[in-house]
1. Filter the range 103-116 down to the residues that are charged (D, E, K, R) and either crowded, with 20+ Cβ neighbours inside 10 Å or not assigned by TED's automatic domain parsing to the domain that holds T53 (or both) and list them by number.
2. From the list L188, L235, L215, which residue is under 23 Å from the mean Cα position of the chain (by Cα) and either of a type in the set (A, V, I, L, M) or modelled with pLDDT of 85 or more (or both)?
3. Has the range 191-200 got at least one residue that is touching a helix residue (DSSP H, G or I) at 6+ places or on another chain (Cβ under 7 Å), of a type outside the set (D, E) and either closer than 27 Å to A286 by Cβ or at pLDDT 80 or above (or both)?
4. What tally of residues in the range 243-266 results from selecting those that are in a helix (DSSP H, G or I) and under 53 Å from the mean Cα position of the chain (by Cα)?
5. Can you pull out every residue in the range 25-71 that is touching a residue at least 24 places away in the same chain (Cβ under 8 Å), surrounded by fewer than 14 Cβ atoms within 10 Å (Cβ to Cβ) and assigned to a loop (DSSP other than H, G, I, E, B)?
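The values are calculated or read from the model by the stated rules, or taken from the named source; none is laboratory data. Since the model is a prediction, treat every value here as computed from it, not as a measurement. When we count neighbours, we look across all protein chains shown, and the Cβ atoms used for this are built from the backbone with ideal geometry, even at glycine.
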Amino acid sequence: MTNRLPIVSKEGGLAGYLREIRKIPMLSEEEEYMLSKRYLEHNDIAAAHRLVTSHLRLVAKIAGQYRGYGLPASELVAEGNIGLMQAVRRFDPERGFRLATYAMWWIRASIQEYILRSWSLVKIGSGATQKKLFFGLRKLKNSMRLGQTGVSSVLTPQEVSEIATKMGVSEQDVLDMDTRMSANDRHLNSKIGDDSNYEWQDVLVDPSDNQEVVLAQTQEKRMKNAMLSDALAKLNPREQDIIRLRHLKEEPDTLDDLSKKYNISRERVRQIEQKAIEKLQKDMQAA
């Protein structure tokens, strides 16, 4: 739709935008039907533009219901307008209902998707149950505490149970969502406190080993490899070969393989292997 729509400008703000869209005339049922047919059958962009602009007040009304999520009204309105345009593209006037009835679902869905994307860097959840819980939790929480003052922001066990029952979810789902909605994303470079010289990234725990531990482990590994190499050198050639093939290969040879190689029994290979291991252990312990 190429025609420009009114926008929430910095100069006029939301109030100026609302005054502007109130000047746009509403459509009668017959006008709406004819415009919808023209767009549907002839791709008449001018008709689509009239359908959209005549329903901007509906978008503003629905967007106002989501002002409590800390997002600019202009962005909520813009997202709602996108949903409205999607509804106009898909609207079939022959189904017997008005565009507003159909469009409200597209408008609300577009705004809700935007809120979910903007709420947190951590994904809240895109399933129908998670969306329902996200948008219903605050409303239920506020209605249950209507008129109360000085109430803790933390849900009581009774409130958790009541909300879970009303929304058809588990109590743990309610607790998890309430925790995520109560938390705020923090930039890793933001200061801890007003007068602090430390940033949040300074107190993050690094799950990897520190350099001292890595160095100590590397040195220990090298020492053990050197001791093993020295101990192996003291074995006779057959013992060295059996140890390497049985214990130092990615895919060790079987006793049967070595019995064929040396033309001895499997039991004899096992005995040589065991004796060689005992020699290695004794030599390395003495080192």
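1. From the range 103-116, those charged (D, E, K, R) are 108, 113; that's our starting set.
Of everything in the range 103-116, nothing turns out to be charged (D, E, K, R) and either crowded, with 20+ Cβ neighbours inside 10 Å or not assigned by TED's automatic domain parsing to the domain that holds T53 (or both).
2. Checking each option against the conditions leaves just L188.
3. No, because not a single residue in the range 191-200 is touching a helix residue (DSSP H, G or I) at 6+ places or on another chain (Cβ under 7 Å), of a type outside the set (D, E) and either closer than 27 Å to A286 by Cβ or at pLDDT 80 or above (or both).
4. First, the residues of the range 243-266 that are in a helix (DSSP H, G or I): 243-247, 255-262, 266.
Add one more test, that the residue is under 53 Å from the mean Cα position of the chain (by Cα), and what stays is 243-247, 255, 257.
Residues in the range 243-266 being in a helix (DSSP H, G or I) and under 53 Å from the mean Cα position of the chain (by Cα): 7 in total.
5. Passing the criteria: P25, M26.
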